[in-house]
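Okay, so here's the structure we're looking at.
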Amino acid sequence: MSNVKERIFGAVTIMSDEDAEKVWNLIQATFLLNNVEEVTPEPEELEALNTYHSGDPDYQPVISQEEVLKELGL
């Protein structure tokens, strides 16, 4: 077993079951995201992103990053 794997195994061994479950979910999410196919955004999507990034106050998210993380259980 590599040093990195030993360190991960040791860390998980001393974690609570709840924390170990969170680590497992992160690992699964990482592998799922690595297999995602990149697609070209539609012109409307690009326009919406550009409007958001420009700081237009009329086009800001209606849910905070904290709320998204809470909703995803992260």
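The values are calculated or read from the model by the stated rules, or taken from the named source; none is laboratory data. In this text, all values refer to a predicted model and were calculated from it rather than measured experimentally. All Cβ positions, even for glycine, are placed from backbone atoms using ideal geometry, and neighbour counts span all protein chains on display. When the accessible area is computed, the model is the full protein with side chains, heavy atoms only, and any ligands, DNA or RNA have been set aside. Shrake-Rupley method; radii C 1.70, N 1.55, O 1.52, S 1.80 Å.
Things worth noting here:
- In degrees, nearest ten, helix 3-14 long axis to first principal axis of the chain (Cα): 90
- Rounded to the nearest 20 debye, the dipole magnitude of the chain is 640 debye, with +1 charges on Lys and Arg beta carbons, -1 on Asp and Glu beta carbons, and the Cα centre as origin.
- Probe 1.4 Å, protein heavy atoms only - accessible area per residue of the chain in square angstrom: 96
- Taking the helices alone, the chain has a mean residue ellipticity at 222 nm of -20500 deg cm²/dmol, built from -39,500 (n - 2.57) per DSSP H run of at least 4 residues and averaged over all its residues.
- Between helix 17-34 and the chain: long-axis angle, C-alpha atoms, 0 to 90°, nearest 10: 50
- Label separation (V62 vs A48): 1.2 nm, computed from points 7 Å beyond Cα along the C-beta direction.
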